[in-house]
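Here's the structure we're looking at; comments come further down.
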């Protein structure tokens with residue numbers, strides 16, 4: 001058994017080319033339009049004192065409109081939407097804002113609809129992972145979060161999902 | 001087949017809050033991280049990312065009249081998973097400072113000059129044996145804006161996707177024999193000495209070819225891989 005390499009992220013020197021034009025639009029892949037309802041997920045990322053974080057990298061990973069992941073580990077992956085890749089990347093602006101244009105995911109087997117998030121930034125030696133939900137419910141990942149903090153993982157109307165790395169109303173992150 | 005994901009050994013991973021690195025106490029969660037049993041959502045992840053990002057290749061040193069200033073080097077890397085199996089076909093993103101220790105980035109200050117022939121970003125795909133080669137110039141050390149004597153030793157950044165969401169790795173590679181390695185606050189945030197050693201590349205004694213470049217080798221181990229097939 002080999003031991004995984006230690007993590008280390010630092011910036012803010014991610015080259016500007018790290019985020020390709022259109023990397024935050026998941027609604028088109030290889031010239032095909034994704035099936036399903038187009039939504040925008042957006043929000044601000046702030047640190048403990050509320051200061052917005054500029055040029056922070058946000059990535060998402062999600063199932064398609066039918067709840068299928070474009071990956072062979074999904075038993076239904078042969079039915080995955082060929083117009084939907086499922087992954088995107090955005091960088092925050094000076095106000096800490098990011099946005100994605102994507103498809104409202106369907107429910108994968110045993111889960112409620114959700115979108116996986118990852119952030120990397122200077123001052124974070126390890127990437128942070130969280131998951132956004134569309135509503136409360138009996139999802140096993142949501143239920144793993146202490147009840148008092150679950151509402152922090154539910155998107156607000158029109159899919160506003162703010163991320164606070166530390167402090168009051170700190171976003172729950174997962175030990176992945 | 002089972003999906004193989006081991007829990008992390010904390011001693012092999014950096015501390016989240018690092019003394020002398022003033023941003024770390026503002027940005028790392030105060031609450032304990034939530035434990036979750038992985039589901040299909042975390043045991044899948046983006047594959048064939050080369051279809052979604054622009055590849056930049058692995059030759060970033062330039063040639064002839066536009067070759068970057070600095071010590072030309074070839075870096076040979078293999079990407080493996082926890083079982084030692086090669087991770088082929090995965091996208092690797094690389095960024096580094098130039099030979100003077102300067103990044104092409106609006107936030108970097110004027111402590112050293114940019115090199116018009118060096119941008120410092122590569123993006124490529126590993127071959128079937130999990131290998132890739134980077135042709136670059138050796139990055140310089142640079143002073144951290146804390147201005148208290150902390151310099152980053154020469155290092156190269158890597159972001160690697162792997163096969164599943166849980167195998168995503170962002171890390172740095174260091175160079176052997178660098179005196180600044182011993183006092184770097186990021187390298188030394190990893191508690192385990194052997195784990196730190198694994199972040200340092202191996203110097204390959206020069207042979208006839210390449211005649212104009214130093215050669216370094218490095219190995220990067222991602223977490224476990226996705227099953228090739230899952231029984232429903």
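Below, the figures for the structure above:
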item: Part-to-part distance (alpha-carbon centres) for region B:68-114 and region B:153-194, which is given in Å; result: 12
item: Residues listed by number, region B:105-123, amide nitrogen under 20 Å from residue B:65 label point at 7 Å toward C-beta; result: B:115-119
item: Tensor-based shape of region A:16-164 (alpha-carbon gyration tensor, a/c under 1.5 rounded, otherwise prolate or oblate); result: oblate
item: Extension gain from residue B:148 to residue B:133, taking 0.36 nm per residue of separation minus the Cα-Cα distance; result: 1.8 nm
item: Descending principal axes extents, region A:1-71, alpha-carbon based, whole Å; result: 42, 38, 25
item: 10 Å Cβ neighbours from other chains, averaged over peptide A:87-97; result: 1
item: DSSP bridge orientation in region A:16-164 - percent antiparallel, rounded to nearest 5; result: 85
item: Estimated FRET transfer efficiency (residue A:162, residue A:25; beta-carbon r; R0 22 Å; 0.05); result: 0.60
item: Peptide A:65-74 - average C-beta neighbours from other chains (10 Å radius); result: 6
item: Shape of region B:1-94, Cα gyration tensor, a/c cut at 1.5; result: oblate
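Values quoted throughout were computed directly from the atomic coordinates according to the rules given, and no laboratory measurement underlies them. Quick caveat, the model's predicted, so the values are computed rather than measured. Backbone-built Cβ (ideal geometry, glycine too); neighbour counts: all protein chains shown.
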